Amino acid sequence: MRINARLTTVSLVATLAASTLTACGGGSGSDPDTVRVSFKQSMDNNVRIMDNHLARMKKQFEKANPGKKVELLPIKAPDADYYTKLQQMMRSPKTAPDLVYEDTFMINADITAGLLRPLDEYLDGWPAWDRYIDSAKQAAKAQDGKTYGVPDSTDTRGLWFNKEIFEKAGLPTDWKPRTWKEVLDAARTVKKEVDGVIPLNVLTGKGAGEAATMQGLQMLLYGTGADPVYEPRSKKWVTGSRGMTDALEFVETVFEERLGPEPSAALDPNVQVRVPGEWLPEGKMAIALDGSWLGNNWVEDGGTPWPEWEKVLGQAPMPTRDGQGPGAVSMSGGWTWAIPDKAGNPDLAWDFIETMGKRQNSVDWHVSNAGIAVREDVAEDPEYLKSMPGIDFFTELVEHTHYRPALPAYPQVSTAAQEAMESVTTGDATAREAAKAYDERVRSITDGAVTGK
């Protein structure tokens, strides 16, 4: 019942979005002097960081280009629903925006579906492109060797912890766990010593979507030393991995021992809003395995202003399972600006990308968004380096970071991982059973192009 209801909601909202765009013109029938920009709007009504940034870019662009206009088309939805709506809009010249905000994990699926156009003809003549770091460029490059998106920023992931709760629990406030056991033991101590607090949050299940796969399961999987979800040398997806079972056992332990939120809350799509908007600032959560961007929720113009956060919260790297080298794990992703294949005004869309890509505009965006820089000139900028407490910590994690396989099948494999996590979160399956179900699903998705049995 819940799944059907959700699909109905997605279809309804997507239809309404498409109808709205059709009514105001789109694609080949659009105003040649207007660039339409679609982006993901925060689910938190108080968070307007992207909205404010794009409003500034719109004003700057229109002033520099008399007679040209920017129409902002925000899509307010959880990640999975945003991807669905965006794909539906891009399929028709009547509804396709001129510029879209693409998650790097979806970009190759959209390229394969013929929804995006390569940007090489623009990039070859753009001096700023030389300032982008190679790993960021690779995230937007397809198997055909062409580039389909301009990276916006990247991110890293680690452990956030409440030093005041740790002090009450008798734990060190300079905490730096060396193993998974030390992470779990700290959560167990909090549960025993401090009432009314969620000891540990690991994003899980289909509600959190890709965030559960990336900063939940894969943060654990890479810490086992096992092969990741995809083996690039053999060009096969990994199944039969002991590491996958171990990662799922960690999630199973969190919820079996009641160290995490109630399963209903953990599996709710709003969980990513509640962690920075409620549980951490209200002192209701001790440890969160989460991303470098959380601080942008607590700045003056964030969704939940919290001036004390830099004193209350500490950060620690997520350790490997047994403390084996390299000792820490991170995952990096990010977003890109891409031009749909059916965009009516691609040249105007590129002009807007160039406006956003001006050095100071890029610095301003990274400062306001607490993003990890994808450009060398931004990473060296003094304003960026002092922009957010902890920015040095999360930038240093790039040394230990991993990236998701940018392949068309990945979104489906990711969904299979979320289903496996959800089944151990609810107790419907053991870690071993969930890993087996994951393997079977991946074999089906990839037509048997797997490494395991």
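The values are calculated or read from the model by the stated rules, or taken from the named source; none is laboratory data. Note that the structure is predicted; figures quoted are calculated from it, not measured. With ideal geometry, Cβ positions are generated from the backbone for all residues, glycine too; neighbour counts draw on all protein chains shown. The protein model used for the area step is the full one, side chains on, heavy atoms only, and it has no ligands, DNA or RNA in it. Shrake-Rupley method; radii C 1.70, N 1.55, O 1.52, S 1.80 Å.
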**OP:** Tell me, yes or no, whether the range 277-285 has at least one residue that is farther than 19 Å from GLN418 by Cα, surrounded by fewer than 22 Cβ atoms within 10 Å (Cβ to Cβ), of a type in the set (A, V, I, L, M, F, W, C) and out of contact with any Pro (no Cβ under 7 Å at 6 or more places or on another chain).
**Re:** yes
**OP:** Count, please, the residues in the range 210-250 that happen to be part of a loop (DSSP other than H, G, I, E, B) and surrounded by fewer than 24 Cβ atoms within 10 Å (Cβ to Cβ).
**Re:** 12
**OP:** Could you please let me know if GLY196 is part of a loop (DSSP other than H, G, I, E, B), of a type outside the set (Lys, Arg) and either open to solvent by less than 30 Å² (accessible area, probe 1.4 Å) or at pLDDT 95 or above (or both)?
**Re:** yes
**OP:** Taking TYR132 as the residue in question, decide whether it is within 21 Å of PHE352 (Cα to Cα), of a type in the set (Phe, Trp, Tyr) and more than 25 Å from the chain's Cα centre (by Cα).
**Re:** no
**OP:** Could you list all residues from the range 310-343 that are polar (S, T, N, Q), open to solvent by 10 Å² or more (accessible area, probe 1.4 Å) and either at pLDDT below 95 or closer than 24 Å to ALA211 by Cβ (or both)?
**Re:** GLN315
Original post:
When you go through (1) open to solvent by 50 Å² or more (accessible area, probe 1.4 Å); (2) modelled with pLDDT of 95 or more; (3) in a helix (DSSP H, G or I) one by one for ALA187, which number turns out not to apply?
Top reply: (1)
**OP:** Give the number of residues within the range 152-179 that are modelled with pLDDT of 95 or more and either among the acidic types (Asp, Glu) or open to solvent by less than 20 Å² (accessible area, probe 1.4 Å) (or both).
**Re:** 13
**OP:** Tell me, yes or no, whether the range 256-266 has at least one residue that is closer than 21 Å to PHE105 by Cα and either open to solvent by 10 Å² or more (accessible area, probe 1.4 Å) or of a type in the set (Gly, Ala, Ser) (or both).
**Re:** no
Original post:
Pairs, please: C-beta under 6 Å, at least 6 apart or cross-chain, first residue without any contact (Cβ under 8 Å) to a residue 12 or more places away in the chain and farther than 10 Å from MET244 by Cβ and in the range 429-453, second among the small types (Gly, Ala, Ser) and open to solvent by 20 Å² or more (accessible area, probe 1.4 Å)?
Top reply: ALA429/SER423
**OP:** Within the range 358-379, track down each residue that is among the charged types (D, E, K, R) and open to solvent by 30 Å² or more (accessible area, probe 1.4 Å).
**Re:** LYS358, ARG359, ASP364, GLU376
Original post:
Which one is most open to solvent (accessible area, probe 1.4 Å), of the residues in the range 115-146 that are under 21 Å from LEU73 (Cβ atoms) and part of a loop (DSSP other than H, G, I, E, B)?
Top reply: ARG117
Original post:
Restricting the range 92-114 to residues that are in a loop (DSSP other than H, G, I, E, B), farther than 13 Å from THR147 by Cα and under 21 Å from the mean Cα position of the chain (by Cα), which is modelled with the lowest pLDDT?
Top reply: PHE105
Original post:
Does any residue of the range 380-391 turn out to be touching a residue at least 12 places away in the same chain (Cβ under 8 Å), within 30 Å of LEU217 (Cβ to Cβ) and surrounded by fewer than 17 Cβ atoms within 10 Å (Cβ to Cβ)?
Top reply: yes
**OP:** Among the residues of the range 384-438, count how many are under 18 Å from GLU210 (Cα atoms) and assigned to a helix (DSSP H, G or I).
**Re:** 19
**OP:** Tell me which of these MET89 doesn't satisfy, since it passes every other one: (1) free of Cβ contacts under 8 Å to residues at least 60 places away in the same chain; (2) over 21 Å from the mean Cα position of the chain (by Cα).
**Re:** (1)
Original post:
Under the condition of being touching a Ser or Thr at 6+ places or on another chain (Cβ under 8 Å) and outside any loop (DSSP other than H, G, I, E, B), which residue from the range 200-209 is surrounded by the most Cβ atoms within 10 Å (Cβ to Cβ)?
Top reply: GLY205
